[in-house]
Each structure stands twice: as C-alpha cells, then as structure tokens.
Amino acid sequence: MSRVNTVLGPIAAEELGLVAVHEHIGYGMPGSELDTQWWKTPEQRYEETVPKLRRFAEYSREYGGCTFVDATGICNGRDVDYYKSLSAKTGVHIVAATGFVGGDTALRFFADATVDYLMRQFVHEITVGIGDTGSRAGIIKVGVSRGFRMRELDLRIYRAAARAALLTGVPIFTHLAVDVEPALAVFAEEGLPLDRVLFGHADDGVSQGRVNETAILGGGGRIGFDTFGYDLELPDPPFWGRHRRERLEHFLRLIGEGHVDQVLASADANCSPLGWPGVEGHTVNYIYEQLIPDLRAEGIDDAMIHRIFVENPADFLTLTTN
Amino acid sequence: MTTATSRTVNTVLGPVPADDLGVVAIHEALLSVVPGAEHAYDISMDRAEIFEVLAGKLAAFRAAGGRTVVDSTGMFHGRDVKLYEALSRSTGVHVVASTGLGPEEDLGGYFLTPQTDPPTPWPAEKFADLFGREVTEGMVVPRVERRRAAGLVATCATRGGPTPTDESLFRGAARAAVATGVPVSIRYGADPLAELQLLLDEGLPADRVVVGNLDRTEAVAAGWPAAVAERGAYVAIDHVGRNDSDHHIRDAERADLVAQLVAAGHAHRVLLSGNAIGVAKGHPDYELPYAHVLTAFAPLLTSHGVADEDVQQILVANPRDLLAVR
Ligand SMILES: [Zn+2]
C-alpha cells in the first residue's frame, strides 16, 4: 500500500494528483510574530489564501486533484490546525513538514538539542503527530543557514533527519543545495538512499555556481527547481531572483541530459507571508499559469509533464522503508 | 518633578499607584519557556495546569505579605500576558511584565539572520522601536493583539561578555526606556560596569537601571556591587536562596554584602530577589517560593544588623522608585 501523510490523514499516493513540492501557506522567521508590522487579521489570512488554493484545485481537475507540500518547518509559523481547515474547505491535499528550514531557524531549545533528541522530535511528528493536532508530518525539512556555509547545527539537523527518514520512510527536502558535500557525507554515513532527498533551491539566482549538481545527480539525489517564479523580470524581485529564461533553460538542460526523474519543480510561493512582505503576484499557480505553458512551448509533452508533476513527486512522497 | 507617590507603575492590569506595590519580588519569572520548547514533542503546555501552579505560588506570596511580582524575562521567554492578567485578577497580586530580549542565543532568526542580503542582524534602533512600542502601544500576544503596557525592559548579556547583538539589545533597551520612562533590567555577562555604561551612553540615568547577577562570586570578589551603586544604578542581589552554586555566594554572605552596602550609604540602591521560576518549560524547575526573600532572607538581614527601615527601603521603596514610570 502506498501512503503519504497529509494534514487530514494518510492518503494513497495515487490520490495526490499534481504536486507542488515546495510551497508555503505562510513563512516567517522565528521572532517575526513579535513584530506587528507583519500581522494580519484571520479574515485577511483566509482572504489571501483560500482563492489561491481554490484556483490551484480548479487548475488541477484534469490531474485528478492536487497536493501542496508546505515547506515551513518548526518555529517558522507552521500552523497545522490552519492547514487542516484550508485543506478540508478547498480540497487541496496539504502535506506538512517536520524539521527546520535551517539551523538559523531552530530556536534555542532545538539549537541546544542532540541528534538523538532532534530525531525523536521528527519521528514523533511523523508517526504520532505534530503537537496536539493529530496530523502527521509527511516530509522533513533541513537546510543551510544564511551565508551559504553548512554549520554544525545545520548538519546535526541533517543527521537527525536522515535517521528519522530511515525509520519512518518519509523523504527529506532541503533549503539550499549549496555547500552540499558535508550533507552528502552525512547521508552516506547514515545509509539513506539519495533518491529520498530533494536538494532544493538549486535554481535560485544566488546559488548559481555554488551547487555541485554532478555530485547530487551522480549519487542518485533529486534536484529542486523549486523557486520558479522568483523572476528578475518582476517589478520588485527578491535578492534570490533569477531571469526567467535562464532558469527555464537550466531546467530543460537537465531534462535534456536525461535527468527528468531526478528533478522536481515548484514555486516556493507564500499564500500569505508571515514575517516578510512576500512577492506580489507570485503564487503556487505560477506552475499552471507560466511554467507548464513555458514547458509545452519548449516541446515538453503531456506525458513528460505528468512525470515531472505527478508520478515523480508521488514516488518521492510515498512512505518508503526498506 | 513629580513625587513617587503620584507616579504609577505599569502592571498587566494597567497602571497602579506606585505606593500600592507593597513588597515586590523584583527579578523573577512566572512562566519561563526556553524559546522553541513550546514545540517540543515531550513538553506539555497544559494551560490549566500552568495556571494552577502559578496561582498557588502567587497566593502563597501574598499570604506571606508580598504584593507585587515582576516577571523580568522579557517578551520571548514564555511571557503570556493574558495568563498573567488572569493570575493577577484571581490572586490579587500585582504582576509587572517586561518587554526586551536577550541574550543573543535566545533570539529568533528574524533578528539575527533576516531575509535581507546580506543578513545583517538588527541594530539598536530597531530593538528600541520594538521594545518602546510594547510600552506605548502595549505588550504583544503574538499575531493576535496588544495588551497593557510593559513595566520594564529586561535584557541579558551572553556569559563571557556582550556580543555585538547583545550590545544592540542593551542600547535599544536604553533608548526605549529614555523614550517611555520605564526602567531597564540587565543581567550582566562579563563586566557589569562596562555593560551599564552602554545604557548610560544612550542618555539613560543610572537610577533607571537595575544590574542583575551581582551576587555572582566573581562580582562580589571584584567589588562590583558597591561600584554599581556608586554609579547610581540599582544593585540586584538576585539569587537569594541559592546556596548550592559554585558561581554564586551563599545567603549568609549575601546578608553580609547587603549590610556592607547599607553601611556604605547604598541602602537606596539595593534590590533583592530569588530569580524564582514559577513554571519552567524546556529547562529545569527551580522551586523557590516568591516569598523567600521576605520570609527567610529578611530575618537574616536583621540578624546581620540591617535596620528594619533599611529592610523596608530595600523591599518596598526601592522597587517602587525603580518601577514608577517617569
Ligand atoms: Zn521555501
């Protein structure tokens, strides 16, 4: 039986439909909740979020449904009860993550914790539930702290995640694919097959020249083109933005080289950001409104699109223990 | 200049006349949560249970003659303003809550590695604004609402000495205090005089500052309590009741220290506290009654020759003068 943990309970991978594999209902750095400049009323939150998810569901009818993988880790404003209500009312499957976006988003209690403790935290959230919600995490988030260098705490989290992934069968996705060698070493030491890891943000503007794609692909890892839409063509692009054409060509190049089963794509958009302004107009629906048309225009056929957005993410998200 | 008697203190239920504070436990914690521990899979945050424990401790404090408890843990270490309001209402104990952050390792990434390029940590002026608004606009219930004004700004330096961000926190705390009239509590990291000076350099009068941790062994050996008093700041001998720590002096020595400070004319600069923790989450319990200073240590002061009027000065008048908003 193939199972994927969503916030409303496990579902068969066959039900996932089109998957946006790295998205955020709302992301904020820990502490941003203290700064009223970012506060919004619950009415505003739902108003900003529900139409985007409903549109995502409408666009996805031909795929039999859709899944929104929320990449917001512990301490970053992850709000599972809210996700449950959104999922129940819009029909979008939502997968919640355990783990941390990076060491610099792990608050002191976790920054002081051992690998064993972090592993137990992740395993608990995957097998028992997140807090009192009863919802089980379906994926583990790990990442590199700001500054493009893997830190000791980052790696402690990677190692705990690898152990939790092996025990529970959920996959791992990373924030940033830079300075990847220490991460590859940890996964090798722990014996985690690299097809269980999506090395994310390999496509962003500031990571170019810093991602060892050869090592990731050679080891069997997956590469995340998951910041689609943070285009420098936007009126006010973020610092990690990239020219649309350049990102698309990068993606097509890997597909052309035969790596289609090792790439996944997403938009990393915030439905309603929690601790930063967000990027006006950028939503998960970039996948339908820009990316898939761009791919079709480049001659990527429906079967290939299905493979990239439906079959491969289903394979990735399916609980897999050996 | 207004007199202390016409001044008010910011409590979680609103301003109260400074003269109503009575005996004050000045450097304590109500709910103390290591940042992040509220998300830990093995830590329960049963609100009813937390309330019951805190209410019991506050009631015992009141029964012993205490009137006011100051939660000096800042805005990000478990502070729960609505819980404190309900506790104050039900026990009749005044609760003064604090704004402020620190040391650096207790901060979230929002302040340390913001989503900017490069990720420059927050400067003093941004902390000043954050803390100042907690006085002028009210303390936050995160992402929900603001409540009453904070009664003080509490911050703390990294042991070993302030990091650059700790320094920004200290300067920001001082600026917020200058702008709003509430005092600042600091817990020093390495050198209380140098760290106090950071606040004074921002134009904050010394008598608006309480310097904590001054009953550390090294502080007493260096003569820092008297030196801080001579600068005009309040000296917090704030681990009263702790007699099993290699890093702190014992109560008998604390009583000697207080007697010396009083004899040197510093009675109006001494504050006593136990650093009691009502409920601890993510770190060990510390079961010291809030009334410990009042019921156990005050008699010890008397036996060390401190006059009753000086004891009253220390337990009632000094906290009142410190906490009264200027
Ligand atoms: Zn993301």
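Here are some notes:
- Rounded to the nearest 500, the 222 nm mean residue ellipticity of chain B from helices alone is -10000 deg cm²/dmol, with -39,500 (n - 2.57) taken per DSSP H run of at least 4 residues.
- Calculated translational diffusion coefficient of the stretch A:171-236 (4 °C, 1.567 mPa s; Stokes-Einstein with Kirkwood radius over alpha-carbon pairs) equals 105 µm²/s.
- Shielding by partners - mean other protein chain Cβ count within 10 Å, residues of A:139-150: 1
- Once both labels are positioned 7 Å from their Cα atoms along Cα-to-Cβ, the gap between residue B:59 and residue B:264 label points is 4.3 nm.
- Proxy reagent accessibility, fewest Cβ within 10 Å first, across A:150, A:304, B:45: A:304, B:45, A:150
- Around the Cα centre of chain A, unit charges on the Cβ atoms of Lys, Arg, Asp and Glu (plus for the first two, minus for the last two) sum to a dipole of about 580 debye.
- Only Lys, Arg (+1) and Asp, Glu (-1) charged, at Cβ; the protein assembly as shown dipole about Cα centre in debye: 1000 debye
- Derived scalar couplings between HN and Hα for the stretch A:249-255 equal 5, 4, 4, 5, 4, 5, 5 Hz in order, rounded to whole Hz, by the Karplus curve 6.51 cos²θ - 1.76 cosθ + 1.60 (θ = phi - 60°), x for Gly and Pro.
- The amide H of residue B:8, built 1.01 Å from its N in the peptide plane, has B:18, B:325 as neighbours under 5 Å, considering only residues 5 or more places off or on other chains.
- Chain B: C-alpha gyration tensor shape, a/c 1.5 cut-off, then a/b vs b/c: rounded
- Gained length - residue B:285 relative to residue B:117, 0.36 nm times residue gap less alpha-carbon distance: 56.4 nm
- 10 Å binning of all Cα-Cα separations within the stretch A:3-317, expressed as whole percents from 0 upward: 6, 30, 39, 22, 3, 0
- For residue B:185, distant residues with modelled amide H under 5 Å away: B:153, B:154, B:155, B:210
- For the stretch A:144-201: rounded, prolate or oblate by the Cα gyration tensor [a/c cutoff 1.5]: prolate
- Shielding by partners for peptide B:30-42, expressed as the average number of C-beta atoms from other protein chains within 10 Å of each residue's C-beta, is 6.
- Under the simplified labelling scheme, the residue A:115-residue A:58 pair shows an inter-label distance of 5.0 nm, with each label point 7 Å from Cα along Cα→Cβ.
- Dimensions of the stretch B:118-209 from C-alpha coordinates, computed as largest minus smallest value along each principal axis and given longest first, are 37, 37, 19 Å.
- Coordinate range along principal axes, alpha carbons of the protein assembly as shown, Å, largest first: 91, 47, 43
- The amide H of residue A:242, built 1.01 Å from its N in the peptide plane, has A:205, A:231, A:232 as neighbours under 5 Å, considering only residues 5 or more places off or on other chains.
- Between A:27, A:117, A:59, the Gaussian network model of chain A with springs among Cα atoms under 10 angstrom shows the greatest mean-square fluctuation at A:117.
- Ordering A:126, A:157 from the fewest to the most neighbouring beta carbons within 10 Å gives A:126, A:157.
- Fewest-first sequence of A:52, A:141 by Cβ atoms within 10 Å of each Cβ: A:52, A:141
- 32 Å Cα-Cα threshold exceeded, pairs from A:141/B:126; A:40/B:57; A:141/B:281; A:89/A:141; A:52/A:141: A:40/B:57
- Rounded FRET efficiency, nearest 0.05, which uses the C-beta distance separating residue A:41 from residue B:309 and R0 of 56 Å: 0.55
Each reported figure results from applying straightforward, stated rules to the coordinates on display, with no laboratory input. Note that this is a predicted model, so its numbers are computed, not measured. Every residue, glycine as well, gets a Cβ built from its backbone with ideal geometry; the counts of neighbours run over all protein chains shown.
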